1. Select from the stretch 185-201 the residues that are away from ligand 1 (no atom under 16 Å from the Cβ) and buried (at least 19 other Cβ atoms within 10 Å of the Cβ) and list them in ascending order.
2. Please determine, by comparing only the residues of the stretch 51-73 that are within 15 Å of ligand 1 (Cβ to nearest atom) and among the hydrophobic types (A, V, I, L, M, F, W, C), which one is nearest to Leu14 (Cα to Cα).
3. Residues that are free of Cβ contacts under 8 Å to residues at least 60 places away in the same chain, away from ligand 2 (no atom under 12 Å from the Cβ) and in a loop (DSSP other than H, G, I, E, B): does the stretch 173-183 have at least one?
4. Could you list, in sequence order, the residues of the stretch 127-170 that are within 20 Å of Met1 (Cα to Cα), open to solvent by 40 Å² or more (accessible area, probe 1.4 Å) and not in a loop (DSSP other than H, G, I, E, B)?
5. Every residue in the stretch 27-40 that is surrounded by fewer than 23 Cβ atoms within 10 Å (Cβ to Cβ) and under 18 Å from His203 (Cα atoms), please.
6. Could you tell me whether any residue of the stretch 202-220 is touching a residue at least 40 places away in the same chain (Cβ under 8 Å), within 30 Å of Thr133 (Cα to Cα), open to solvent by less than 20 Å² (accessible area, probe 1.4 Å) and within 15 Å of ligand 2 (Cβ to nearest atom)?
7. Hey, can you tell me all the residues within the stretch 136-174 that are under 21 Å from Arg99 (Cβ atoms) and over 13 Å from the mean Cα position of the chain (by Cα)?
Amino acid sequence: MAGPCAIESEEQALTIARIVKRHGAQVFRGGAFKPRTSPYSFQGLGEDGLRILKKVREETGLLIVTEATDHTNIELVEEYADIIQVGARNMQNYSLLRRAGRSAKPILLKRGFAATIEELLMSAEYIMAEGNTRVILCERGIRTFADNTRNTLDLSAIPSIKEVSHLPVVVDPSHAAGRREYVIPLSRGAIAVGADGILVEVHHDPLHALSDGRQSLYAEQFATLMKEIKFLAR
Ligand code: PEP
Ligand code: MN
């Protein structure tokens, strides 16, 4: 699963989608509703962003994963998305989880940055208890004292989850690392410990990205990543 942090324009989304498709991505990611730490940062294009994602699906055939940030926009997101993302900041937003549990779409549930594995699994239960059993878990880094990265990627989460749950687990090395230089090695690690997939941020012009440019891979780096993990996954 690959794409920009946020949908910025139709041209930006289609450019990046063509790149990731060419190198073998199955799912295009991109936020239309963005849960930003600062209220003064770019908040996403909202429904306009969702319409752009629909065009991306029509043109490339890629599936779409995009975030619903609360119970008031999930209904709209659900119309456009193939997979609905529930972000780290919302892992314990129980009204959103319950609503996601009544959706017909699969849910990508990201681990909160201060959540234990047990808490992540219980959040998945909130979704499944409402009837939606199609949940994909996502390890995206947790907050520790380490300051060399944005978050600390907890690779031990993957075998731990696999021990007790049948749910698929994907790894997001981008939000863990915060720096694109670390995304390829962390992805290799994720595949090696048994992740079922990876979710990475890619941008054709990361220096001018409206969010998370520092951790977004250049097109050539995404090509390298795909070559390397295909080999490892086999
Ligand atoms: C994202 O996927 O762009 C995102 C905001 O991730 P997280 O919820 O893990 O911070
Ligand atoms: Mn992001």
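The values are calculated or read from the model by the stated rules, or taken from the named source; none is laboratory data. Here the structure is a predicted model, which means the values were calculated and not measured. Here Cβ is always computed from backbone atoms with ideal geometry, including for glycine, and neighbour counts include all displayed protein chains. Just so you know, the surface numbers come from the protein's heavy atoms only, side chains and all, with ligands and any DNA or RNA stripped out. Shrake-Rupley method; radii C 1.70, N 1.55, O 1.52, S 1.80 Å.
1. Ile191
2. Within the stretch 51-73, the first condition is being within 15 Å of ligand 1 (Cβ to nearest atom), and the residues that meet it are 53, 64-70, 73.
Now narrow it down to the ones that are among the hydrophobic types (A, V, I, L, M, F, W, C): 53, 64-65, 68.
Working: Leu53: 9, Ile64: 13, Val65: 15, Ala68: 21 Å.
This residue is Leu53.
3. yes
4. Within the stretch 127-170, none qualify.
5. Correct list: Val27, Lys34.
6. For the stretch 202-220, residues touching a residue at least 40 places away in the same chain (Cβ under 8 Å), within 30 Å of Thr133 (Cα to Cα), open to solvent by less than 20 Å² (accessible area, probe 1.4 Å) and within 15 Å of ligand 2 (Cβ to nearest atom): present.
7. Pass one, the stretch 136-174, residues under 21 Å from Arg99 (Cβ atoms): 136-138, 167.
Within the stretch 136-174, Leu167 is the sole residue that qualifies.
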